[in-house]
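Below you'll find the structure, written out as structure tokens, and then a few comments.
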Amino acid sequence: KEIAALECLEVDWQEVTFAAGLQSLQSGRVDTSMGGIYRTAERAELLDLGGTPYRDGVALLCKEGYKSLEDLAGKKVGVIQGYLWNKDLQAALGNDAV
């Protein structure tokens, strides 16, 4: 709001889903979107994204003490749908394992 006031603008905000936020940017319905947008090369080009302040990474959580992809060979691995590294995990461990 303070930045908008400095620019003699008013803020009109609305809460939307991630997908709706991207579509609103692409269609020009909004000027900016804020939140956690996972950066991919395709999204960076499509949305003209600047540099990121941090990069997200993968964490492996388990009771058994697995520490590497090799430790997961032959195991079933649960993932949250839509994460950027899911395709890499499927390629490394097989579609039936992930």
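For this structure, a couple of remarks:
- Compactness index (Cα Rg / 2.2 N^0.38 Å), the chain: 1.51
- Probe 1.4 Å, protein heavy atoms only - accessible area per residue of the chain in square angstrom: 89 Å²
- Between the helical axis of 18-27 and the longest alpha-carbon principal axis of the chain there is an angle of about 50 degrees.
- Taking 0.36 nm per residue of sequence separation and removing the Cα-Cα distance, the Cys8/Ile37 pair yields an extension gain of 7.7 nm.
- Rolling a 1.4 Å probe over the protein heavy atoms of the chain, with every protein chain left in place, gives an accessible area that is 51 percent carbon and sulfur.
- The chain: calculated mean residue ellipticity at 222 nm from DSSP helix runs of at least 4, using -39500 (n - 2.57): -8000 deg cm²/dmol
- Candidates Leu25, Leu9, Pro53 compared by Cα position along the dipole of the chain: farthest toward the positive end lies Pro53, with charges placed on Cβ.
- Extension gain (nm, one decimal) between Ala20 and Gln81, 0.36 nm per residue minus Cα-Cα: 20.2 nm
- At R0 = 22 Å, FRET efficiency that the Cβ-Cβ distance of Lys63 and Ala97 yields, to 0.05: 0.75
- About the Cα centre, charge dipole magnitude for the chain (Lys/Arg +1, Asp/Glu -1 at Cβ), debye: 500 debye
The values are calculated or read from the model by the stated rules, or taken from the named source; none is laboratory data. Since the model is a prediction, treat every value here as computed from it, not as a measurement. Note that we place each Cβ from the backbone using ideal geometry, even for glycine, and neighbour counts take in every protein chain shown. With ligands, DNA and RNA removed, areas are computed over all heavy atoms of the protein, side chains included. Shrake-Rupley method; radii C 1.70, N 1.55, O 1.52, S 1.80 Å.
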